[in-house]
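Step one of this worksheet: look at the structure below.
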Amino acid sequence: KRFREPKHERRPWRIWFLDTSKQAIGMLFIHFANVYLSDLTEEDPCSLYLINFLLDATLGMLLIYVGVRAVSSLVEWQQWESLRFGEYG
């Protein structure tokens, strides 16, 4: 995807790395949580992973959306320019 973007709209490599590393850390956390829970519960790891994924993809995204909107409103209200989402300076 990065190379399909016009050169003047591409994020710098450092910003791209920081954004993608957040996703990788989240995926690793979910994976190890799934392995740990499957050892505790004697359940099928695949079914636990599916439940975990569905909860993350629905309730997790809703919670993140609400949190981002709340923090964005607070940042706008307090006029904290350095804390705006998506603006890296």
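Once fully extended, how much extra length lies between residue 30 and residue 64, figured as 0.36 nm per residue of separation less the alpha-carbon to alpha-carbon distance? Numbers along the way, then the final one.
On the way: separation 34, 0.36 × 34 = 12.24 nm, distance 1.59 nm.
My answer for the length gained is 10.6 nm.
Could you point to the residue in 71, 82, 26 farthest towards the positive end of the chain's charge dipole, with +1 and -1 charges on the Cβ of Lys/Arg and Asp/Glu respectively?
Among 71, 82, 26, the one farthest towards the positive end of the dipole of the chain is 82.
Give a quick list of trypsin sites (Lys or Arg not before Pro) in the stretch 1-53 that DSSP marks as loop, anything other than H, G, I, E or B, with at most 10 other Cβ atoms within 10 Å.
Loop-located and lightly packed - 1.
Roll a 1.4 Å probe over the protein chains and send me the accessible area per residue for the chain in Å².
On the way: 8050 Å² over 89 residues.
That works out to 90 Å² for each residue.
With the Cα gyration tensor of the stretch 25-74 in hand, convert its eigenvalues to equivalent ellipsoid semi-axes via √(5λ) and list them largest first in whole Å.
Three semi-axes, in Å: 28, 11, 7.
Mind checking the alpha-carbon convex hull of the chain and giving the volume per residue in Å³?
For the chain, the hull spanned by Cα atoms encloses 139 Å³ per residue.
What helices does the chain hold that run 24 Å or longer along their axis, going by alpha-carbon atoms, with a Kyte-Doolittle average of 0.0 or more, using DSSP H for the helix calls?
Helices meeting the span and hydropathy rule in the chain are 13-41, 61-78.
State to the nearest 20 debye the size of the charge dipole of the stretch 2-78 about its Cα centre, where the only charges are +1 on K and R beta carbons and -1 on D and E beta carbons.
760 debye
Over the chain, with every protein chain in place, what whole percent of the accessible area is carbon and sulfur at 1.4 Å, could you tell me?
67 percent
Which order do the peptides 43-49, 75-81 take when ranked by the mean count of other beta-carbon atoms within 10 Å per residue, highest first?
Descending mean neighbour count gives 43-49, 75-81.
Taking 0.36 nm per residue of sequence separation and subtracting the Cα-Cα distance, how much length would be gained by fully extending the chain between residue 39 and residue 76, in nm to one decimal?
Between residue 39 and residue 76, full extension yields an extra 8.8 nm.
Among 30, 15, 51, determine the one that fluctuates most according to a GNM of the chain built with springs between C-alpha atoms less than 10 Å apart.
The residue with the greatest mean-square fluctuation here is 15.
The values are calculated or read from the model by the stated rules, or taken from the named source; none is laboratory data. A quick note: this is a predicted structure, and the numbers were derived from the prediction, not measured. Ideal geometry is used to build each Cβ from the backbone, glycine not excepted, and the neighbour counts take in all protein chains shown. We work out accessible area using only protein heavy atoms, side chains counted, and drop any ligands, DNA or RNA first. Shrake-Rupley method; radii C 1.70, N 1.55, O 1.52, S 1.80 Å.
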